[in-house]
Amino acid sequence: MLYVLGSINMDIVAVVPYMPTAGETLTALGHYVNPGGKGANQAVAIGKLGGSVKMIGKVGCDPYGAQMTDALKSAGVDTSAVSISSSGSGIAMILVEKGDNRIVLYPGANHDICVADIDAGLKDAKRGDILIMQLEIPPDLVVYAAKKGRDKGMRVLLNPAPAQPLPDELYPCLDIIAPNETETRILTGILPDSASRRQQAADWFLKKGVKDVIITLGGEGAVVTERSRLVHIPAREVVAVDTTSAGDTFVGACAVKLYEGLSLTEAGRFASVASSVTITRPGAAASIPTLKEVEEVIKQSC
C-alpha cells in the first residue's frame, strides 16, 4: 500500500497572456476550477497509474471539501483517512502563462492536520509500504510522520515543496528526497544547472543521511542516484500547456513503480513519460494520465 500525507486544495486557475505587475488589472484568457493540492495530486497520480493508495489529510466543511473528496474517490484513492475540519478548505490561486505557473496558497484545513490523524491513517501500515509527503502541511508533522514511517519499516519519500529549511533530524528518516531545481537550491545552496552541480547537490543530501535523491529539472528531465552517482533521465519533448502538476505526477508515478519493485532509474523513466503527458493538458489532478495512456505513449515511442 502507498500512503500520501499532505495537502488537499481547490485550484482556482486563470490563464493569462503575461504576468501582471503591481496594481495592474489583467483580463484572463480562460478560467477553471479543479481539485488539486500537492498531496491530493500525488494520490490521484498513484490511483490513476494503478497503485493502491490511501490519502491522509483534511478538507473544510464546505462545498469544496466534498467536491475534492469525491474527486479523490473517483481516481481510486482510499479516503477513509480524509477528515473534515471546521476551517475552510485549502485554496490555491494559480496564474498560468504559456505553460508556466505562479501559485498563491491558502492552507486552510491542511494546517489542521494533527498527530492523531497521522496515527490513525498509518495504523495498518507495514514494512515495505511507502509514505509520500510534501511541505504544504505543518513541518513538525512531516518530521513526526517520517519517524513513524521509518519505525514501521516503510520507505519514506519527501517532495520538499514548497521549499523551506528542514531540520537535520528529518534527513536520516528519508529513503528518497525529490526536489526540483528551485527547491534544491533553497535547501542546499547549490543551483543544479550543470552535471557537476547536480552531483554536488545530491552529495549534500546523501551526507545529510538521505538514502537516494531525485532532482527534477523541468524541460531537461531529471537526475536520480544510482549507487550514489547520478543518472540523467531526459524529458520527452512535448508542447507544454500547463506545468502545474507535472512534479506531482512524477513523484506519484515514481512511487508506484518503486512499490512494484523497479529500480529508481527505471521508476524515474516511467515517471518522466507520465509527467510529459500531464503538461500537455490544463489543470492539476484532471491533467494526470491513466496507466493505459502512459503505456500507450511508451509503446508508440519504442
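Points to keep in mind about this one:
- Rounded to whole Hz, the Karplus (6.51, -1.76, 1.60) HN-Hα couplings of segment 218-230, x for glycine and proline: x, x, 8, x, 7, 10, 9, 7, 9, 6, 6, 9, 8
- Partners of Lys207 within straight-line reach, counting lysines whose Cα lies under 17 Å from its Cα and excluding those fewer than 8 residues away in the same chain: none found.
- In summary, the lysines within cross-link reach of Lys54, defined as a Cα separation below 23 angstrom excluding same-chain residues under 8 places away, comprise Lys38, Lys73, Lys123, Lys126, Lys147, Lys148, Lys152, Lys257, Lys292.
- Amide proton proximity set for Gly90, modelled H, under 5 Å, gap of 5+: Met10, Gly60, Ala109, Asn110
- Viscosity 1.002 mPa s, 20 °C: Kirkwood-radius Stokes-Einstein D of segment 140-281 over Cα pairs, µm²/s: 142
- In order through segment 234-241: 3J(HN,Hα) via Karplus (6.51 cos²θ - 1.76 cosθ + 1.60), integer Hz, x for Gly, Pro: x, 7, 6, 6, 9, 8, 6, 9
- With contacts taken as Cα pairs under 8 Å and at least 6 residues apart, segment 20-79 reaches a relative contact order of 34 percent.
- Estimated purely from DSSP H runs of n ≥ 4, each contributing -39500 (n - 2.57), the mean residue ellipticity at 222 nm for the chain is -10500 deg cm²/dmol once divided by its residues.
- For the chain, averaging the sequence separation of C-alpha pairs within contact (under 8 Å, six or more residues apart) and dividing by the residue count gives a relative contact order of 18 percent.
- The residues Thr69, Thr27, when put in order of fewest to most other Cβ atoms within 10 Å, stand as Thr27, Thr69.
- In plain terms, the C-alpha convex hull of the chain casts an average shadow of 15.0 nm² when viewed from every direction.
Every number here is computed from the coordinates shown, using simple stated rules; none is lab data. Values in this document were obtained by computation on a predicted structure and should not be read as measured data. Using ideal geometry, Cβ is built from the backbone for each residue, glycine included, and neighbour counts are taken over all protein chains shown.
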